[in-house]
Amino acid sequence: MPGSPAAAGSQLIKAAPLAGFWVVLFFPNFRVLAALGVGDVNARQGVAERILAEGLSLPAPDFYSPRSVPGLGPGPEEESMSQIVRCALIQCSNPINDESVPVEKIQKAMLDKHIAFIEDAGKKGVQILGLQEIFNGPYFCPSQDKRWYGAAEKIPGPTTELMQSYAKKYNMVMVVPLYEEEMRGVFYNTAAVIDADGKYLGKYRKQHIPQVAGFWEKYFFKPGNGGYPVFETKYAKVGVYICYDRHFPEGARCLGLNGAEIVFNPSATVAGLSQYLWKIEQPAHAVANGYFVAASNRVGSEGPWNIGKFYGTSYFVNPRGEFVAEASEDKDELLVADLDLSMIDEVRQTWQFFRDRRPDAYDELVRR
């Protein structure tokens, strides 16, 4: 074995392909620095040699894409060839479930809890991060208590601006669901979308508002009025659908027609009501529209309402309807998955649903 780390590493670069990755070992302690699986062989070798030449190291042994190597990022070869995007979802339980506590204190506790997960996502090289429905507090819709109007804020506003700072810090796109106050007495269930440079791109307002036991949302939200926007972010074209929206295929189709590559669906839903649909509807949207879906749900029970257990099970599903990654039913988690956007082309070239659809024959959909 050659005596120098660089020499030893160079030999391994040429001789040690492992399941499609090039593994680079940092001698003399043999710690794995990176596993590079993007671009052609020459591109991977070039990035690996740049790591060795510049003496870069990583915080822990793990597999990384070139984007996630601190101080390096992708070279021009990898940037042009790679369509792999590292995405993540946060599912979280609400830490304070006591109606005697001021709304502001409850919100701060939930925000602080999320910050640790947001920081973790940034350190793991996440490029697009989705938070859960009305992430900075409990799901208060069982209450029909006007005190929760105090949880609403402008978008963009203080929480959006805070998230913009984290997006810029970690070069990370963020989908941030919040309770929005448009004007005095007018409220929406909304998600802000922030680009990787911290720029606020816009928002999606939940279109379909339920009014059933435990989910008295019409007390708190107006139906959305902004259509089905798709946001051109640094890494992918992102759409948003919120919770109850997922039961309506029409909006999911609109997002596909508007160019979405990944649709984030932040939700707050409990066992015994919708759990049997949770793994049916959104994979069906992914298949019907040829895009990825990132579905998130909170965990735990929230008093004093106790409408049931929020069953987590956040997941990513690909355009074939296959599950890429899935979280637990009951744990606070950061779920990370690498999504290969080139699969969208592969699937749509096989299943030409957008070509073969007949909008001229669907008048009955809007007449009823």
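The values are calculated or read from the model by the stated rules, or taken from the named source; none is laboratory data. Values in this document were obtained by computation on a predicted structure and should not be read as measured data. Backbone-built Cβ (ideal geometry, glycine too); neighbour counts: all protein chains shown.
A few points about this structure:
- Output for the range 191-212, where each listed residue is touching a residue at least 12 places away in the same chain (Cβ under 8 Å) and among the hydrophobic types (A, V, I, L, M, F, W, C): A191, A192, V193, I194, A196, L201, I209
- Residue tally, condition of a type outside the set (K, R), surrounded by fewer than 18 Cβ atoms within 10 Å (Cβ to Cβ) and closer than 14 Å to D245 by Cα, over the range 209-225: 4
- Residue check, G256 surrounded by 17 or more Cβ atoms within 10 Å (Cβ to Cβ) and more than 26 Å from I84 (Cβ to Cβ): no
- Evaluating G137 against the criteria (1) at pLDDT 95 or above; (2) assigned to a helix (DSSP H, G or I) leaves one unmet condition, (2).
- The strands (runs of 3 or more DSSP E) found entirely in the range 218-275 that carry 1 or more residues being touching a residue at least 60 places away in the same chain (Cβ under 8 Å) and within 16 Å of A192 (Cβ to Cβ) are 237-240, 262-267.
- Selected residue [touching a helix residue (DSSP H, G or I) at 6+ places or on another chain (Cβ under 7 Å), in contact (Cβ under 8 Å) with a residue 24 or more places away in the chain and acidic (D, E)] from E281, E329, E333: E281
- Lone unmet requirement of (1) of a type in the set (A, V, I, L, M); (2) modelled with pLDDT of 95 or more; (3) out of contact with any Ser or Thr (no Cβ under 8 Å at 6 or more places or on another chain) for A213: (2)
- Among the residues listed as A167, A191, the single one being in contact with a strand residue (DSSP E or B) (Cβ under 6 Å, 6 or more places away or on another chain), surrounded by 15 or more Cβ atoms within 10 Å (Cβ to Cβ), at pLDDT 95 or above and in a helix (DSSP H, G or I): A167
- Of the residues making up the range 199-208, those that are outside any strand (DSSP E or B) and surrounded by 16 or more Cβ atoms within 10 Å (Cβ to Cβ) number 3.
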